[in-house]
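Rule-based calculations on the coordinates, nothing more; no lab input. These numbers come from a predicted model, not from an experiment. No Cβ is skipped: glycine too gets one built from the backbone with ideal geometry, and neighbour counts run over all protein chains shown.
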Amino acid sequence: MENRIYDENNGLWYVRQGEYYLPELALPPEEEKPIGIWGQRHLQYLKEHKRLVYINLLTSGRLNEYLASVDEQAEDLFSRLVKEYAERQGVTEQLKAENQLLWVQKMNNIQACVREVVESEFIYS
């Protein structure tokens with residue numbers, strides 16, 4: 001018996017594994033894009049809570065592109081909101097020069113608040 005056969009009806013190659021012929025399936029090639037922390041968090045969320053969406057993106061070859069897009073949008077929103085919140089609360093370079101500890105406290109608070117907003121908008125939706 002042959003180890004590899006081609007089925008003209010469906011256009012698939014089959015490989016012999018023991019007594020069975022299994023289809024030789026491969027994912028479409030996907031462009032590698034860097035994925036930051038926001039994309040990784042969203043990936044984890046998809047794997048745990050939205051399995052069908054995750055599998056559809058993975059098998060269609062669009063997962064990496066999708067995660068890179070989510071990461072880019074989330075990072076842009078994070079940066080923009082941190083600047084806006086800092087301006088509203090009067091966190092300036094002057095404050096940084098005068099009282100570094102207070103500046104760090106306020107910036108940490110701002111970043112924590114913005115992180116929650118970004119997570120609710122992009123990561124857990």
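With the chain treated as a Gaussian network of Cα nodes joined by springs under 10 Å, which of 108, 99, 64 yields the largest mean-square fluctuation? Evaluated over the chain, the most mobile residue of the options is 99. When the Cα gyration tensor is reduced to axis lengths a ≥ b ≥ c, the ratio a/c is 1.5 or higher for the stretch 33-123, and with a/b above b/c it is classed as prolate. GNM remark for the chain: springs join alpha carbons under 10 Å apart, and the peak mean-square fluctuation among 89, 100, 17 falls on 17.
Spin-label pair residue 97-residue 44: with each label point 7 Å from Cα along the Cα-Cβ axis, the two points sit 4.0 nm from one another.
Considering helices alone, the calculated mean residue ellipticity of the chain at 222 nm is -19500 deg cm²/dmol, with DSSP H runs of length four and up weighted by -39500 (n - 2.57) and normalised per residue. Within the straight-line cut-off of under 21 Å between alpha carbons, the lysines reachable from residue 83 are 96, 106, sequence neighbours fewer than 8 places apart in one chain being disregarded.
Applying a DSSP loop filter and a limit of 15 other Cβ atoms within 10 Å to the trypsin sites (Lys or Arg not before Pro) in the stretch 1-74 leaves 50, 62. One Cα centroid belongs to the stretch 1-61, the other to the stretch 65-106; the line between them spans 39 Å. Mean-square fluctuations from a GNM of the chain, with a 10 angstrom spring cutoff on Cα atoms, peak among 65, 30, 19 at 19. Here the spin labels are modelled as points 7 Å beyond Cα on the Cα-Cβ line, and at residue 16 and residue 77 they lie 5.5 nm apart. Remark: relative contact order (the stretch 33-123) = 34 percent; criterion is Cα-Cα distance under 8 angstrom and separation of 6 or more residues.
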